[in-house]
Each structure stands twice: as C-alpha cells, then as structure tokens.
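Notes follow once the structure below has been shown.
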Amino acid sequence: MSEPAGERDTEPSPLRRPGLRERVAQEILSAAAGALAASGGQASMNDVATAAGVARGTLYRYFPTRDTLVVRLREAAIEDAVGRLRASRVEDIEPLEGLERAIRAFVEAGDIFVVGASERDRAGTEFDTGIVRPLRQLIQRAQEAGTLRSDLDSTWLSEALLSLVLAGPSDARLGKEDRIASIKRLFLDGVGAG
C-alpha cells in the first residue's frame, strides 16, 4: 500500500546524499583553491563562498572554520599531486623526461597544488615523503646521468624546482604546455650540466 503524499519521506536516498555532498565539497574546494591562490592565501570565507557560488551558511556546513577548509585543501593537494607524480612514473624513465613529467604533474594539479604547497609546513611529513623525496631522487638520477650539475645539493634543487612551479608564469595568455616548457627551460638553464 502506498503512503499518502504528505507522509512520504522527502529526503533523498541515503545512497545519493554522500555523492552529492562530495561533489559540492569538491566544488567548494576547487573554488577555495582558486581564491586562495589568487590572493596569496589571504582569501576570506566570504571570498571563498562567493567564488564557489554558495551561501556562507552552505560553506560553513561543509567547512565549519577556515582552518578546516585549509586543512582539507592541503590534504587534497598532497593526495592529488602524489597521485599525479606516481602516475607519471618518473622513476622509470630517463631523468630529463622525468623532470618534464614531474613539472607537468604539478602544473596540471593547478591552484590546489599552489595552496597545498604553501601549507606544506603544516602537513607533517606527507608532502616531503610523497613529493619532495621522489623529486629529489629524480634530480639525483639526473645528476648521476650528467644532466644536472652535481655540485649542487639535490634537496636544494628539488626546492628550487618546486619554487619555479609555484611562481611560474601564470599569465592567462601562456598555455599549459608553454608554462611547462618555460619552467623546464628556466630550471635547466640555471642548473643544467651543459
């Protein structure tokens, strides 16, 4: 027997709610990453709500404090960048190609990587373990192959490359491929062996 219309449960199926909730959270995180990256980390929760196209109340239901939002952004950034770096298989290819793939992984991660990397001092060892260590190992292989100067510390070179990615040209007129090529060329012009 069917229920009268007024007594029906108007709540969406519990199976649908987490999917929708996760999509909204991802949209908010994406907008927050853009707002924070554009403002040098100074965007307010009002700025984030505006960028995400949601009411402040909605934003606060998903992320009760700015710290909660930033922590989740940092976690998402590290997870995304580590996944992209692993997928690029930099440890399995020639070091010069590996450097380009690593740069591509970070550039393609976009604003969320910029925000996550700027928050890395609060991330514990996850950023260093998942991003800096593989990048340092790649740079060490490039030094051993004679592609990069061997008189420079690989940790310092890793940090220098990350800094170039984070500060790299973000001019809207410069496409992704040109940005990747510019960062690679600038890095190799400065620390290349030849």
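Some notes on this structure:
- Lys176 modelled with pLDDT of 90 or more, under 19 Å from the mean Cα position of the chain (by Cα) and closer than 30 Å to Gly34 by Cβ: no
- Looking across region 38-56, just one residue is in contact (Cβ under 8 Å) with a residue 12 or more places away in the chain, in a loop (DSSP other than H, G, I, E, B) and among the aliphatic types (A, V, I, L, M), and that is Val54.
- Yes/no for Arg136 being in contact (Cβ under 8 Å) with a residue 12 or more places away in the chain, open to solvent by 70 Å² or more (accessible area, probe 1.4 Å) and outside any loop (DSSP other than H, G, I, E, B): no
Here's the yes/no breakdown for (1) over 30 Å from Arg72 (Cβ atoms); (2) part of a helix (DSSP H, G or I); (3) open to solvent by 10 Å² or more (accessible area, probe 1.4 Å):
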residue: Ala102; (1), (2), (3): no, yes, no
residue: Val107; (1), (2), (3): no, yes, yes
residue: Thr129; (1), (2), (3): no, yes, yes
residue: Leu152; (1), (2), (3): yes, no, yes
residue: Glu159; (1), (2), (3): no, yes, yes
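- Among the residues making up region 57-80, those that are at pLDDT below 90 and either open to solvent by less than 60 Å² (accessible area, probe 1.4 Å) or not in a helix (DSSP H, G or I) (or both) are Val70, Val71, Leu73, Arg74, Ala76, Ala77, Ile78, Asp80.
- Failed item in (1) more than 15 Å from Val115 (Cα to Cα); (2) outside any helix (DSSP H, G or I), with Ala25 passing the rest: (2)
- Residues in region 109-121 that are under 18 Å from Ala160 (Cα atoms), open to solvent by 50 Å² or more (accessible area, probe 1.4 Å) and under 14 Å from the mean Cα position of the chain (by Cα): Ser118, Arg120.
- A Cβ distance below 7 Å, combined with a sequence gap of six or more or placement on separate chains, defines the contacts here; from region 81-99, residues that are open to solvent by 40 Å² or more (accessible area, probe 1.4 Å) reach residues that are modelled with pLDDT of 90 or more and among the hydroxyl-bearing types (Ser, Thr, Tyr) in the pairs Leu96/Thr147.
- For region 45-78, the set of residues classified as among the small types (Gly, Ala, Ser) and within 28 Å of Ile131 (Cβ to Cβ) consists of Ala51, Ala52, Ala76, Ala77, listed by residue number.
The values are calculated or read from the model by the stated rules, or taken from the named source; none is laboratory data. Nothing here was measured: the structure is a model prediction, and the numbers come from that model. Please note: Cβ atoms are built from the backbone with ideal geometry, for glycine as well, and neighbour counts cover all protein chains shown. The protein model used for the area step is the full one, side chains on, heavy atoms only, and it has no ligands, DNA or RNA in it. Shrake-Rupley method; radii C 1.70, N 1.55, O 1.52, S 1.80 Å.
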